[in-house]
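Following: one structure in structure tokens, then a few remarks.
The values are calculated or read from the model by the stated rules, or taken from the named source; none is laboratory data. The structure displayed is predicted, hence computed values, not measured ones. With ideal geometry, Cβ positions are generated from the backbone for all residues, glycine too; neighbour counts draw on all protein chains shown.
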Amino acid sequence: MRVPVVGHETRRRRVRRLRALWTGGELLVTVGVVLLLLVVHQLWWTNREARRGAERKVEALEREWDTGREPAIAPSPQSTDTPNTDTPNSDTGTARQQPQQSTDRSRQPNWSQAYAILTIPRLGLRVPVAEGVGKQDVLNKGYVGHYPGTQQPGQAGNFALAGHRNTHGEPFRYINRLALKDTLQVETADAVYTYAVDKTLAQTSARDSGVLRKIPRSTVHPAHGYTAPGYFITLTTCTPEYTSRYRLVVWGKLVSMRPR
């Protein structure tokens with residue numbers, strides 16, 4: 001019987017292949033662990049930190065308002081756009097002007113500074129509103145951002161907001177669950193404005209600027225939106241989840257205002 005003979009060169013080739021396989025396996029495991037840590041950081045740690053920061057900011061605003069101090073804001077001329085809205089016009093979303101003026105003083109918030117609180121009872125959400133929609137200065141802090149150029153709370157026109165749907169506190173993750181007549185409250189140093197959800201647009205282009213106009217109406221889906229002036233709030237976020245390809249839009253109408 002012949003005994004197979006394995007040469008030294010053959011053994012060396014096998015050893016090299018095994019080492020290469022082992023090294024490759026270690027690299028794959030290392031890459032997998034790094035990716036897992038990145039996912040954990042993005043989906044858990046950023047949410048945890050942003051939510052804690054947002055909660056602290058809400059508490060700080062409440063303390064400032066309760067003690068008579070106001071957030072850092074620059075005064076602007078008195079506006080006549082803010083009405084008393086005890087008797088809203090349910091057909092157009094506009095509010096009938098009352099003889100007395102709102103107690104809320106119209107002001108222009110400083111860039112990236114939180115100056116209001118948005119409360120959505122159905123979602124158990126209470127989050128700061130800051131001027132601007134920059135990721136680093138506003139959205140990644142877990143705040144909701146106010147689109148520059150749109151109206152302020154309670155003013156005639158469109159008070160438009162943006163918020164993350166995933167990561168960094170994800171305040172708008174579940175706004176797709178909002179139903180008609182659900183309330184949205186915006187609290188400032190002087191007043192609390194209550195809006196009621198009126199319309200939704202499940203998906204539109206990220207460049208659909210029509211949803212932010214003073215009379216909001218989609219330029220991509222013209223059947224969605226409004227044709228008459230009113231007192232509106234607009235919530236926007238990315239959709240589908242974990243992407244930023246499209247936008248989800250929720251609109252509401254102002255139904256009441258009360259001084260703080």
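You will find that of Val144, Val127, the residue that is surrounded by 17 or more Cβ atoms within 10 Å (Cβ to Cβ), in contact with a helix residue (DSSP H, G or I) (Cβ under 7 Å, 6 or more places away or on another chain), of a type in the set (A, V, I, L, M) and modelled with pLDDT of 95 or more is Val127 and no other. Every test in (1) touching a residue at least 12 places away in the same chain (Cβ under 8 Å); (2) at negative phi; (3) not polar (S, T, N, Q) is passed by Arg207 save one, and that test is (1). Would you pick out the residues in the stretch 171-195 that are crowded, with 19+ Cβ neighbours inside 10 Å and either more than 27 Å from Arg56 (Cβ to Cβ) or out of contact with any Ser or Thr (no Cβ under 9 Å at 6 or more places or on another chain) (or both)? Hit for the stretch 171-195 is Thr188, nothing else. Filter the stretch 21-61 down to the residues that are acidic (Asp, Glu) and modelled with pLDDT of 95 or more, then identify the one that is nearest to Pro171 (Cα to Cα). The qualifying residue nearest to Pro171 (Cα to Cα) is Glu55. When the residues of the stretch 228-243 are narrowed to those that are of a type in the set (S, T, N, Q) and touching a Leu at 6+ places or on another chain (Cβ under 8 Å), which ends up nearest to Gly157 (Cα to Cα)? Filtering first and then ranking leaves Thr234. Among the strands (runs of 3 or more DSSP E) confined to the stretch 107-192, the ones with at least 2 residues that are free of Cβ contacts under 8 Å to residues at least 60 places away in the same chain, more than 19 Å from Cys238 (Cα to Cα) and not aliphatic (A, V, I, L, M) are located at 107-109. When we screen Thr204, Thr219, Thr200, Thr227 for residues that are over 16 Å from Val249 (Cβ atoms) and among the polar types (S, T, N, Q), the only hit is Thr227.
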